[in-house]
Every structure is written in structure tokens, then in C-alpha cells.
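Heads up, the thing below is written out as C-alpha cells.
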Amino acid sequence: MERELLNVVGKPVPKRDAHYKVTGQALYIHDIKLPGMLYGKILWSEYPHARIVHIDTSKAERLPGVKAVLTGYNIPEIRFGFYKDNTPLKKGKVCTMRDEVAAVAATDPDIAEEAISLIKVEYEPLPAVFDPEEAMQEGAPLIHEEHGTNVLKLPWKLVAGDVEEAKKRSAYIVKDRFRTTWVTHCCMGTSGCIAHFDPEGNLTFYSITQIPYLAQRDFQEALKVLGLGDKKIRVIQTYIGGGFGSKLDTHPYEYIAILLAWKTRRPVKIVFTREEEFRCTSPRQPTIIDITQGCDREGRLTFREVHMILDNGGHTSWGSTTPSVMMMPISSLYRVPNVLYTAKCVYTNNTYCQAMRGYGNPQATWAIECSMDQLAEEAGIDPMEFRIINANQPGETTPQDFKISSCALKECIEEVGKLLDWKQKRGKRNGRGVGMASLIHVGGGARVYRSDGCGTIVKIDDFGKVQVFTGATDIGQGADTVIAQVVAEELGIPVEDVTVIWNDTDVCPWDVGVHASRTTFIACHSAIGATRKVKAEILKLAALTLGVSEEELDIREGMVFSTKDPEKKIELGKLLRSVHYRSQGQMVMAEYFYDPDTVMLNREFKGNFSKAYAYGTHGVEVEVDKETGQVKILKYVAVHDVGKAINPMLIKGQIYGGAMMGIGYALTEEMIFERGELKNPNFRDYKILTAKDVPPMEAVLIEPWEELGPYGAKGIGEPGCVPSAPAIANAIYDAVGVRIKDLPITPEKVLKALKEKEGKD
Amino acid sequence: MRRSITFRLNGDEVTVEVEPHWTLLYLLREVFELTGAKEGCGMGECGACTVMVNGKAVVSCLYPVMEVEGKEVWTVEGLAEKSPEGLHPLQKAFIERGAVQCGFCTPGMIMSAKALLDENPNPTEEDIKTAISGNICRCTGYVQIIEAIKTVAEEGHGKGTA
């Protein structure tokens with residue numbers, strides 16, 4: 001397809017499902033009721049670490065309307081999670097305040113809640129540990145005794161080149177410790193599901209999952225334990241009220257709904273309250289990061305050494321695997337020939353963590369980009385120049401063996417410099433300052449499972465309208481729209497004629513899930529593959545009907561026509577009717593499975609696991625109030641290398657949304673835990689940014705055509721939130737000369753640092 | 001003990017038996033099956049349940065149902081239903097300006113914007129930000145939402161419909 005002649009790709013096509021959403025017709029899990037449905041409710045632990053001595057459910061069982069009461073003692077053992085250390089309902093002991101102890105199903109939500117209050121649990125509190133560094137000490141309370149240690153046996157270590165040798169050759173070296181804390185997704189729609197067994201014992205699961213086909217497999221493991229291993233599982237996704245990684249795993253509440261539904265043989269719905277959403281879903285992993293970097297006299301990076309400790313919490317979800325993605329910026333953000341990285345995940349009695357937009361990248365980039373500014377200062381080089389000197393280039397292979405195809409990092413940095421008036425504004429130390437930070441992220445899928453594939457089925461109906469069945473999932477980002485755009489572009493039909501169906505494992509083909517900013521890249525490639533097969537078939541059929549050769553045919557605005565003799569034409573719908581209604585007729589449909597030729601990271605954690613890489617730079621101008629420590633953002637610019645923007649409006653939406661999430665991460669958001677208990681489980685005390693907090697903000701797209709992308713595109717789902725925090729920290733340093741090293745950068749921390757600095761000066 | 005209340009819902013008079021402890025949100029969602037208004041927190045902190053009562057945006061999850069007696073209630077469904085083109089200009093602008101992602105906050109956001117424009121057809125950007133500051137959105141970063149509302153105000157379509 002010629003780049004200049006695009007009709008639908010590159011246009012700000014409105015999100016295809018927006019009509020349903022603005023009129024209140026989109027049905028979320030909260031809006032769905034099935035006949036005879038029961039309401040499930042969970043009893044959570046009262047202690048961060050305690051032995052369960054006795055559970056008395058007798059009063060709850062006697063409450064009218066209660067149909068089932070389950071505990072870890074009356075269900076079979078189902079184990080799940082990356083480390084298989086989690087169960088739906090806990091038996092023996094609880095390891096966090098969010099551990100599930102009992103669950104009920106009742107005819108209405110109020111009865112379910114009352115039943116929960118009638119369950120009496122006797123605990124024997126155990127010594128607990130809440131600091132990962134303490135948890136690593138000998139004699140610390142063991143969270144999972146069977147492992148004999150709180151340090152998880154995970155192999156997170158990356159070595160490239162020779163860091164020790166490089167240290168000797170470095171002219172400048174900086175070393176520091178940075179920290180990040182828990183932040184949570186704050187999906188506006190709280191978590192929920194409905195589990196329902198049909199009379200044959202097959203499970204239908206109404207879900208908000210980001211991984212319908214992997215969830216199917218997880219649930220199949222659970223059904224095997226129930227003796228239902230031969231039964232079918234259908235996952236139907238409702239509209240999803242936000243994802244951001246929170247739905248990349250299967251969760252205890254989902255297994256509990258399945259168990260309650262099987263016990264009662266009725267549909268069971270569990271929906272979290274907002275407080276449960278805060279307390280009982282899995283946030284972004286907190287980290288302690290030691291980073292050392294060096295450069296030569298010319299400012300070229302010589303090495304980067306990073307050692308990390310991650311608070312794993314009491315059980316294990318995907319949070320424990322985020323070091324595999326942290327390696328990406330550590331090895332490949334800027335050209336750095338020698339790299340050493342290690343990470344330890346340590347059990348504590350805190351909450352446990354999951355994927356959250358960026359999958360470890362925001363934490364790693366926080367340390368790298370703050371350290372970049374420190375090193376630039378040490379070397380006496382302007383931080384923008386320092387970044388340009390070290391910027392990645394198209395065509396290079398990074399120390400982690402990533403093959404960089406398109407890369408506009410240098411252009412991103414320069415554009416930020418221009419938009420911020422960097423040279424004029426920097427270095428004044430007068431309460432106002434500028435800062436910047438960059439990012440690398442996977443932009444062409446990520447082979448984190450053995451497959452990075454996505455299937456598509458395309459069919460055409462009697463009216464020339466096209467139905468696309470995709471394995472991809474829309475969590476609001478616009479999968480439904482970009483897929484429709486590429487299909488419409490390929491077929492030469494209006495985008496309104498394309499319907500994208502994505503929410504049913506019985507209907508749609510397989511996909512690995514909406515994660516790793518992969519959906520536009522992978523699902524569009526897949527949709528293009530299927531559409532090209534369909535188009536070839538259409539042209540073959542039209543050639544027969546029109547009596548011309550296929551080669552001279554094309555489709556435009558729903559009309560198949562001869563490019564040699566435009567009078568020879570047939571409307572798509574008419575062609576389809578003719579093949580449906582004639583004797584020995586046929587369907588016009590095709591399937592395609594796209595799985596990029598990438599590799600999984602090898603034992604050394606090297607290999608080209610993404611087909612393309614996305615870059616970006618954020619720049620910020622701040623004003624710091626020296627009296628209060630308040631940081632005000634005067635200007636925020638987010639410049640992203642996105643490849644070709646299939647839909648610039650939706651891409652900007654991803655960038656604005658990501659950046660606001662990143663600014664919250666930088667300045668306000670923090671889950672406050674005291675002895676494992678979350679103290680701020682509501683929007684009053686957990687400070688997510690509101691419209692009042694939106695600074696003057698600009699999103700700029702740099703669009704190098706990515707040869708390996710669908711219509712030149714790269715992924716953009718996660719990058720927007722990655723570099724905000726270090727950009728802001730660097731700007732604060734430029735403004736007042738204090739460096740805050742642990743997130744969030746609250747006024748208290750700024751004020752304290754200013755006081756300490758005054759003391760020193 | 002159920003009580004009978006009468007009010008106007010999306011332009012039509014309705015009489016309904018309610019439990020006095022219900023919230024307006026419960027009545028709308030469970031009795032009238034108007035599920036556009038969402039429960040995002042149940043504590044009046046997120047704004048997903050915002051509807052209009054007598055021209056003001058209110059969080060219906062805290063609004064006692066007995067207080068609705070004799071009042072005029074509008075929901076996002078009513079805006080569409082009673083607009084000649086099937087969509088209120090705000091709904092149209094939200095679609096066209098990319099103001100919708102996951103969509104969970106959208107109905108409440110639109111109702112807050114509607115209440116603003118009814119009262120102040122020519123709002124400044126600060127007015128718009130203030131009017132929707134009680135409506136949390138995690139997806140969009142608000143930028144395109146603010147743009148959408150601004151567009152409607154500039155085109156003078158803010159008032160009139162519904």
C-alpha cells in the first residue's frame with residue numbers, strides 16, 4: 001500500500017464504540033444480570049500474617065438467602081499465580097491483609113454482606129515482616145515456610161560487556177539509590193465477574209480480563225481439580241472499565257466465583273467495592289534501586305550497573321517478573337556498552353503486585369534518567385546534549401541483542417528542547433527549572449510467552465459490510481478502531497462498514513492478551529493478513545462475474561471495479577449476494593494468524609523479543625515554591641516516536657492519559673501501608689489527578705515509518721507514563737538544586753530537602 | 001416500608017414505589033434499568049454516577065431517593081433520547097474529539113459538562129476544569145474531554161437541547 005494514498009489510516013477516526021459509551025448503552029460487568037444470579041462476597045484477612053485456628057460459618061449458613069459458604073477447608077486445592085503460591089481461599093495461614101478467608105453466595109448483595117459479617121475466624125497472629133531488606137535477613141519470619149527463604153528463586157541477572165573493566169576507563173562515575181512505592185491502577189470500573197455453569201457442566205465466564213485465552217487455560221486447571229477437566233470454558237468479555245495491566249493475571253476472586261457457581265449450580269457475580277479495589281487488587285511493584293553509571297571525557301556512557309530489590313508481598317503475581325522488562329531500559333535506553341543488572345524479589349507480608357502500564361519500565365527509567373542528569377552534571381555537560389550524545393540510532397543492536405529498526409530518539413530529545421526553550425530556561429536555579437527524560441519500550445509486540453500471536457477472521461455479508469473477529473481485546477485504548485481502519489484501508493470500504501467483534505472466546509480466534517503495547521502492531525498485522533486473503537477471493541469472484549482478469553481489479557468505496565475500464569464494476573454487496581444465493585455458492589471469509597518472528601529472551605536474557613521499539617522524550621518546566629515545597633508544572637511536552645500514527649487522535653489520547661498517570665506517579669500517588677494495612681483505600685486519600693491538575697500539555701508525534709509495522713506503526717499503549725517522574729525530578733533539581741530520590745515527590749520531601757540544603761549552604 | 005414518589009425522569013413524569021433508604025443511583029439502575037450512571041466508588045468521590053437534578057450535577061450514589069420527589073432528573077440516556085439527532089451535542093463532541101476511552105466515567109462526565117453549559121454557556125477553560133473536577137478519569141488525562149466541552153461551548157450548542 002502506498003503511503004501517500006491512505007484513505008482511512010492516519011485519520012482521526014472516532015473510537016468505534018464511543019456511541020455506546022456516551023449514551024450509557026455500553027454494558028460493563030456491573031450492568032449485567034443473569035436470571036437466578038447469586039451475589040458473591042469475600043471475607044478478607046484481619047491480619048497480615050496469622051495462623052487460621054478455626055472458622056465458624058454456621059451462623060452464615062443459616063441466614064435465609066445464603067446458598068453457599070466456602071472456606072479453604074471445604075474446597076479442593078487450586079494453586080495459581082506465576083509462583084503457584086496462591087490459592088482462592090486460604091488454609092492454614094494468611095500472609096497478607098488481602099488474603100481471602102471465606103466466601104458466600106446469596107440471593108442479594110445485602111444478604112451476602114450480612115453473611116460475611118456472621119463468619120467468625122479465630123487467628124493466631126504470627127510475627128510479620130514488611131520491609132524487603134529485613135525480610136532477607138537471617139531469622140526473619142518466613143512467609144512461605146516451604147521455600148526456606150523469603151527470597152524468590154528467580155534468575156534476574158543480565159550481564160553485557162565488562163562493567164568492572166569499564167569503571168576503570170570511566171572519566172566520571174555517579175552512584176545513588178532511588179526508591180519507588182506502590183501505586184495502583186485506579187480503573188474506574190471496579191473488578192468483577194460472573195461465573196455460570198450450564199447443565200452439562202461447561203463454564204461461561206463473564207469477564208473483564210485482558211487475557212481471555214490465557215484465562216481460559218488457567219480456569220481449565222481449576223476445573224480439572226473439580227473433576228471437570230473435559231468441560232468447555234467460554235470467556236465473554238463485557239465492556240472493560242479500564243485495564244492498565246490490572247487484568248493480566250487470573251485472580252482469587254475469579255476462582256472463588258467459579259467455585260461458588262459450581263457449588264450452587266447458579267450464576268454467581270462478584271463485584272468489588274472501591275475499597276476492595278484499592279485493598280485487594282495488585283498494584284505496581286515497589287523497588288529499591290542502586291544505580292551506578294559512568295561515562296568518558298566526551299560524555300559517552302561507558303557502563304550502567306543496577307541492583308534492585310523488589311517487595312514481592314505475600315504471594316506472587318506478575319509483579320515478580322517485571323525485572324525481565326526493567327532490563328530493557330537498563331540495557332538499551334541510550335547506547336551503553338557494558339551493563340550489569342540484578343534483581344531480587346523478596347516475600348513480605350505486604351500486598352502483592354501485578355503488571356501496571358510499563359511493566360517495570362517506569363521504575364527502572366526513574367532511576368536511569370535521574371542518574372543520567374547526575375552524570376551529565378558530573379561531566380559538566382548539558383543534560384540535553386548528554387542525551388543526544390548517547391541517543392540510540394536506527395539499525396543498531398543493543399547489549400541485550402535488541403535489533404532497533406526505526407528510532408527517532410534524537411529527534412524526540414531535540415523537539416523537547418525546542419518546545420521547552422531549553423537553552424534559555426535551563427540552569428537558572430531561580431525557582432523555575434526544566435527537565436527531561438526519555439524512554440524505550442517494546443513497540444512491536446513482546447515475546448514473553450512462547451507465542452506472541454493473534455488470530456483474525458474476516459467475513460463479508462450480503463450488504464458488503466465486513467465483520468472482523470479478532471483475538472485482541474479493547475480496554476478503551478482503541479483496538480476496535482485501529483483494526484477497523486486497517487481493514488477498511490485494505491478493502492477500500494468506509495470504516496463505518498467494518499464491525500470489530502472481540503469479546504468471546506467461542507467466537508473469536510486466539511490471542512495472547514492485551515499487554516506490552518502490542519495490540520496495534522500484532523492485531524493489525526493479523527487483521528491485514530486475513531483481509532488480504534478476503535480481498536484476493538473477492539477479486540477472483542468479481543473477475544469471473546465481470547469477465548476481466550483479477551489483476552486489473554481493485555475496490556474503492558465498496559465498489560469492485562476494473563482499473564482499465566471503470567465502467568466494468570460491481571458493488572461489493574451485490575457480488576456477495578450473487579455468491580451466496582447461487583447454486584454451489586460459497587462464503588467469502590478468511591482467517592489469519594500473525595506471530596512475529598521474534599525470539600524469547602534466552603537464559604542470559606538476551607534476544608530480539610520485539611519486532612520494533614518505541615521511543616519518546618518528555619520535557620517539563622516547573623516552578624517550585626520554596627516556602628511550601630509545592631511543585632507546579634508550568635508546561636509539559638510529551639514527544640513520542642510512534643512509527644506511523646494509524647490514528648493520531650487515539651494515540652494522543654494514550655499519551656495524554658499516560659502522561660497524567662505518570663505525573664501522578666511523580667507527585668501525588670502513593671498507597672500508604674502501615675504494618676501491611678492500606679491506610680488510604682479511597683479517592684479522598686489516594687491522590688489521583690483530576691481535571692484541575694491538568695497542566696498546559698502538548699503531545700507531539702514523530703512518525704518515522706516503521707518498515708516492520710502494520711502501515712508503519714509501532715505500539716504506544718504504555719510509553720506515555722514511563723518518563724514523567726524523572727523528567728519532573730530533573731526539572732525540580734534545575735529549579736532549586738535539590739534531588740528527590742524516592743517517589744512520590746511530595747511537598748514535604750521537597751521542603752525537607754530544601755531545608756537540608758540551606759543547612760549545608 | 002415502601003413509599004411512593006413522583007418526579008420527572010428524562011422529561012417524563014414517573015411514579016414509583018421506593019425504599020426510603022435507597023439512593024437515586026440505586027433507583028435509576030435497579031428499578032428503571034438506566035445503567036448509564038455508574039457506581040465507581042459509592043462514596044461520592046469519583047463522579048461516575050453523576051446525573052442532573054433540577055439543573056445541577058449531583059452524585060446520585062449519595063443522593064437520597066426521597067429527595068427526588070417533585071424534581072426533574074436527567075440521565076445520559078435521556079440526553080440522547082430527547083435530542084432530535086439522537087445525540088446531544090456534548091455526546092457528539094465526546095465521540096468526535098476522542099474524549100472516550102474505557103467509557104466508564106463518560107456518562108457522569110457528560111452530565112457534569114451539561115450542567116455547566118446550561119448554567120454558563122461560555123465557560124473558560126478553568127470553568128470547565130472546575131466543573132468536571134469531581135469526575136475522575138484514569139484513561140484520557142482529561143485533555144480531550146476538556147477540548148470536547150470547549151468545542152460545544154464555542155459552537156453555541158451548549159444550551160437548548162433536553
Handout entry: Selection count, the stretch A:119-145, where residues are buried (at least 23 other Cβ atoms within 10 Å of the Cβ) and of a type outside the set (Val, Ile, Thr)
Key = 2
Completion exercise
Considering only helices (runs of 4 or more DSSP H) wholly within the stretch A:1-118, the ones with at least 2 residues that are touching a residue at least 24 places away in the same chain (Cβ under 8 Å) and buried (at least 23 other Cβ atoms within 10 Å of the Cβ) are A:109-118
Fill in the blank from the handout: Scanning the stretch A:680-710 for residues that are part of a strand (DSSP E or B) and within 14 Å of chain B (Cβ to nearest Cβ), the one farthest from A:Leu5 (Cα to Cα) turns out to be A:Met697
Practice task
Pull up the stretch A:711-739, narrow it to residues that are in a loop (DSSP other than H, G, I, E, B) and open to solvent by 10 Å² or more (accessible area, probe 1.4 Å), then point me to the one that is nearest to A:Gly476 (Cα to Cα).
Solution key: A:Gly717
Fill in the blank from the handout: Across (1) open to solvent by 10 Å² or more (accessible area, probe 1.4 Å); (2) touching a residue at least 40 places away in the same chain (Cβ under 8 Å); (3) small (Gly, Ala, Ser), A:Ala367 clears everything bar (1)
Practice task
Answer yes or no: is there a residue in the stretch B:19-40 that is within 9 Å of another protein chain (Cβ to nearest Cβ), under 26 Å from A:Ile655 (Cα atoms) and touching a helix residue (DSSP H, G or I) at 6+ places or on another chain (Cβ under 9 Å).
Solution key: yes
Problem - Any hit, the stretch B:11-32, residues being open to solvent by less than 10 Å² (accessible area, probe 1.4 Å), in a loop (DSSP other than H, G, I, E, B) and within 23 Å of B:Asn120 (Cα to Cα) - result: no
Problem - Candidates A:Leu541, A:Leu553, filtered to the one that is surrounded by 22 or more Cβ atoms within 10 Å (Cβ to Cβ) and free of Cβ contacts under 8 Å to residues at least 60 places away in the same chain - result: A:Leu553
Exercise for the section: Examine the stretch A:626-645 for a residue that is open to solvent by 10 Å² or more (accessible area, probe 1.4 Å), within 14 Å of chain B (Cβ to nearest Cβ) and more than 27 Å from A:Val495 (Cα to Cα), and state whether such a residue exists. Expected result: yes
Exercise for the section: Could you give me the residue pairs with C-beta distances under 8 Å whose first residue belongs to the stretch A:384-401 and is in contact (Cβ under 8 Å) with a residue 40 or more places away in the chain and on the phi > 0 side of the Ramachandran plot, whose second residue is not in a strand (DSSP E or B) and not acidic (Asp, Glu) wherever it lies, and which are 6+ apart or on separate chains? Expected result: A:Asp401/A:Lys606; A:Asp401/A:Gly607; A:Asp401/A:Asn608
Practice task
Filter the stretch A:657-670 for residues that are more than 7 Å from A:Pro744 (Cβ to Cβ) and either touching a strand residue (DSSP E or B) at 6+ places or on another chain (Cβ under 6 Å) or among the charged types (D, E, K, R) (or both) and give the result.
Solution key: A:Ala659
Problem - Whichever residue in the stretch A:646-664 is open to solvent by 10 Å² or more (accessible area, probe 1.4 Å) and more than 9 Å from every other protein chain (Cβ to nearest Cβ) and, among such residues, is nearest to A:Thr180 (Cα to Cα) - result: A:Ile651
Exercise for the section: Search the stretch A:146-189 for residues being among the charged types (D, E, K, R), more than 28 Å from A:Lys247 (Cβ to Cβ) and touching a residue at least 24 places away in the same chain (Cβ under 8 Å), and hand back the single one that is most open to solvent (accessible area, probe 1.4 Å). Expected result: A:Lys175
Handout entry: Selected residue (criterion: least open to solvent (accessible area, probe 1.4 Å)) from residues of the stretch A:221-235 that are farther than 21 Å from A:Asp504 by Cα and not hydrophobic (A, V, I, L, M, F, W, C)
Key = A:Gly227
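Condition check ((1) out of contact with any helix residue (DSSP H, G or I) (no Cβ under 8 Å at 6 or more places or on another chain); (2) within 21 Å of A:Val486 (Cβ to Cβ)) across all residues:
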residue	(1), (2)
A:Glu670	yes, no
A:Leu678	no, no
A:Pro695	no, no
A:Val700	no, no
A:Gly712	no, yes
A:Pro723	no, no
Exercise for the section: From the list B:Ser112, B:Ser133, pick out the single residue that is at pLDDT 95 or above, open to solvent by 20 Å² or more (accessible area, probe 1.4 Å) and within 12 Å of another protein chain (Cβ to nearest Cβ). Expected result: B:Ser133
Exercise for the section: Would you be able to say whether some residue in the stretch A:285-308 is within 26 Å of A:Cys186 (Cβ to Cβ), within 14 Å of chain B (Cβ to nearest Cβ) and out of contact with any Lys or Arg (no Cβ under 9 Å at 6 or more places or on another chain)? Expected result: no
Practice task
Would you please name the residue that is farthest from the chain's Cα centre (by Cα), looking only at residues in the stretch B:42-80 that are at positive phi and either more than 11 Å from every other protein chain (Cβ to nearest Cβ) or among the aromatic types (Phe, Trp, Tyr) (or both)?
Solution key: B:Gly70
Fill in the blank from the handout: Considering the stretch A:419-455, residues that are of a type in the set (Gly, Ala, Ser) and crowded, with 24+ Cβ neighbours inside 10 Å, and then whichever is farthest from A:Gly616 (Cα to Cα), we arrive at A:Gly433
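Rundown of residues vs (1) modelled with pLDDT of 95 or more; (2) assigned by TED's automatic domain parsing to the domain that holds A:Ser438; (3) of a type outside the set (Ser, Thr, Tyr); (4) surrounded by fewer than 24 Cβ atoms within 10 Å (Cβ to Cβ), yes/no style:
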{"position": "A:Gly243", "(1), (2), (3), (4)": "yes, no, yes, no"}
{"position": "A:Glu254", "(1), (2), (3), (4)": "yes, no, yes, no"}
{"position": "A:Lys263", "(1), (2), (3), (4)": "yes, no, yes, yes"}
{"position": "A:Glu276", "(1), (2), (3), (4)": "yes, no, yes, yes"}
{"position": "A:Arg300", "(1), (2), (3), (4)": "yes, yes, yes, yes"}
{"position": "A:Arg304", "(1), (2), (3), (4)": "yes, yes, yes, no"}
{"position": "A:Met308", "(1), (2), (3), (4)": "yes, yes, yes, no"}
{"position": "A:Met326", "(1), (2), (3), (4)": "yes, yes, yes, no"}
{"position": "A:Ile330", "(1), (2), (3), (4)": "yes, yes, yes, no"}
Problem - Qualifying strands (runs of 3 or more DSSP E) (wholly inside the stretch A:568-679; at least 2 residues being aliphatic (A, V, I, L, M)) - result: A:589-594, A:613-624, A:631-641
Exercise for the section: Might you check whether a residue that is open to solvent by 30 Å² or more (accessible area, probe 1.4 Å), out of contact with any Ser or Thr (no Cβ under 6 Å at 6 or more places or on another chain) and free of Cβ contacts under 8 Å to residues at least 40 places away in the same chain occurs anywhere in the stretch A:474-485? Expected result: no
Practice task
Report, ordered by the first and then the second residue, all pairs with beta carbons closer than 9 Å, sequence separation of six or more or different chains, a first member in the stretch A:572-588 that is in contact (Cβ under 8 Å) with a residue 40 or more places away in the chain and closer than 18 Å to A:Leu553 by Cα, and a second member that is of a type in the set (Lys, Arg) and assigned to a loop (DSSP other than H, G, I, E, B).
Solution key: A:Leu572/A:Lys465; A:Gly573/A:Lys465
Practice task
Restricting attention to strands (runs of 3 or more DSSP E) lying wholly within the stretch A:152-226, give those where 1 or more residues are of a type in the set (Phe, Trp, Tyr).
Solution key: A:172-180, A:192-197, A:203-207
Fill in the blank from the handout: In the set B:Pro84, B:Pro107, the lone residue that is surrounded by fewer than 24 Cβ atoms within 10 Å (Cβ to Cβ) and either away from chain A (no Cβ under 12 Å) or assigned to a helix (DSSP H, G or I) (or both) is B:Pro84
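The values are calculated or read from the model by the stated rules, or taken from the named source; none is laboratory data. The shown structure was predicted, so the numbers you read here are calculated from the model rather than taken from an experiment. As a convention, Cβ positions derive from the backbone with ideal geometry for all residues, glycine included, and neighbour counts pool all protein chains shown. Surface areas here come from the heavy atoms of the whole protein model, side chains and all, with no ligands, DNA or RNA. Shrake-Rupley method; radii C 1.70, N 1.55, O 1.52, S 1.80 Å.
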